[in-house]
Every structure is written in structure tokens, then in C-alpha cells.
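In what follows, a structure is listed as C-alpha cells, so that the remarks can point back to it.
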Amino acid sequence: MPVELRVDPTPAGHPALVLRPWADSDIQPLIDIYRDPLLRKWTRLHVTGVVDGARWLAVQSDGWRTGQRLSFAVLEGDLLVGNVAIKRVAVPSDCAEVGYWTAAEARGRGIASRAVTALTDWAFATLDGLSRLELLHQIDNTASCRVAEKSGYAYHQTLPARPPFPLDGHQHIREAPDTTTDPM
């Protein structure tokens, strides 16, 4: 069953977003987005051509099949502007990691934080047993710190560098909302 999430436009004039599973038609926009050196700096899998694009999309599709990587293309109108994903080592699991990136022209407009918030809310409402999400980034990625804060992820700790990342990292955490109510 395809999952599609919608993010309303903001009062400040930011357009609506649609989060949907990746499609074969996304290969060329994906290649174009990956020409950005900053995106290549922060991501491990690089897309330089059609073969890489098909391989990248296959990883996303396989992730949906196994439930270990639930990756969404983020669209503003018909324009691909980013990616958000829930990554789980085991399914089911009470903890998962949120990952994301945005296209160069989409940065600084609140797209990442709005998409991460929508994904987080969906994950806590949908994925059985999920009680904690982590957002990790290198310490020199200050934009990711801002996204984490805007998305309700609290700084938790600094983690030591480990391959393939050369610098220490920040771990931000967001706990599932408490849905228990006091019977009184």
C-alpha cells in the first residue's frame, strides 16, 4: 500500500509538501540534485548517472519491502526537493534513525524541518512499538542542528567519529508522545 504524506502550506507562505515513496521517474531529478558538492559531502551513496540512480532507487524500494528503510521523496509541487527516511536495524524495533537531505535550491526554506516533522509524526503514529527516534549528524553540520531543533529533536550527546564519518557527531533524540491518560 503506497504511503503519501501531505504537509500543509505555512502561514508565512511556504508551499505545501508531498512525501511519497520514490519512483523510477525520479532518476533524472535525483542525478541533477546529486551534482551538488555539499550534498555529496554529507551523504554516503552518490548518484552520478542512470546506473547509480537505479541502484539508489532499488535500495529505497528494498527498504520498503523489508521495513528497514522507509524513504520518501519530498516534493514541492512537481519539483523534487529532498528525501526523508526512517532507518531501522531490526523490524520491529523501539528505536530508529531519521535521515534526510535537501536539494541545494530548497535549503534555508524550512523544507527539511517540515518534512522531518511530518515523517516523525507519521512514524510514531504508524510503526508499532516505536518509542524513540534519533537524528545524527557531524558536528560541523550546523544546518542539521537547526533542523533537529526545529523538528523537536533535543540534543542528547556528542558521539566520537567513526568511519565513514571523519568528525565527531551530534545525536539528537525525540521520544514518542505519551498517549497514556490519567483516568482521574
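Some notes on this structure:
- Residues in segment 63-80 that are touching a residue at least 24 places away in the same chain (Cβ under 8 Å) and within 12 Å of the chain's Cα centre (by Cα): Leu70, Ser71, Phe72, Ala73, Val74.
- Pairing each residue of segment 95-114 that is surrounded by 23 or more Cβ atoms within 10 Å (Cβ to Cβ) with any residue that is of a type in the set (S, T, N, Q), provided the two are 6+ apart or on different chains, yields C-beta distances under 6 Å for Ile111/Thr102; Ala112/Thr102.
- Pair list, Cβ < 7 Å and 6+ apart or interchain, from segment 136-147 residues that are assigned to a loop (DSSP other than H, G, I, E, B) to residues that are not aromatic (Phe, Trp, Tyr): Ile139/Thr158; Ile139/Leu167; Ile139/Asp168; Ile139/Gly169; Ile139/His170; Asp140/Leu167
- Arg88 being closer than 24 Å to Arg174 by Cα, within 17 Å of the chain's Cα centre (by Cα) and either open to solvent by 20 Å² or more (accessible area, probe 1.4 Å) or polar (S, T, N, Q) (or both): yes
- The set of residues from segment 159-180 being in a strand (DSSP E or B) and either open to solvent by less than 50 Å² (accessible area, probe 1.4 Å) or in contact with a Gly (Cβ under 7 Å, 6 or more places away or on another chain) (or both) comprises Leu159, Gly169, His170, Gln171, His172, Ile173, Arg174.
- Flag if Leu30 is part of a helix (DSSP H, G or I) and within 20 Å of Val116 (Cβ to Cβ): yes
- Filter pass, Ser71 being polar (S, T, N, Q) and assigned to a helix (DSSP H, G or I): no
The values are calculated or read from the model by the stated rules, or taken from the named source; none is laboratory data. Note that the coordinates shown come from a computational prediction; the quantities given were computed from them, not determined experimentally. Counting neighbours? That spans all protein chains shown, and the Cβs are built from the backbone with ideal geometry, glycine included. Side chains are part of the model used for accessible areas, which takes the heavy atoms of the whole protein and leaves out ligands, DNA and RNA. Shrake-Rupley method; radii C 1.70, N 1.55, O 1.52, S 1.80 Å.
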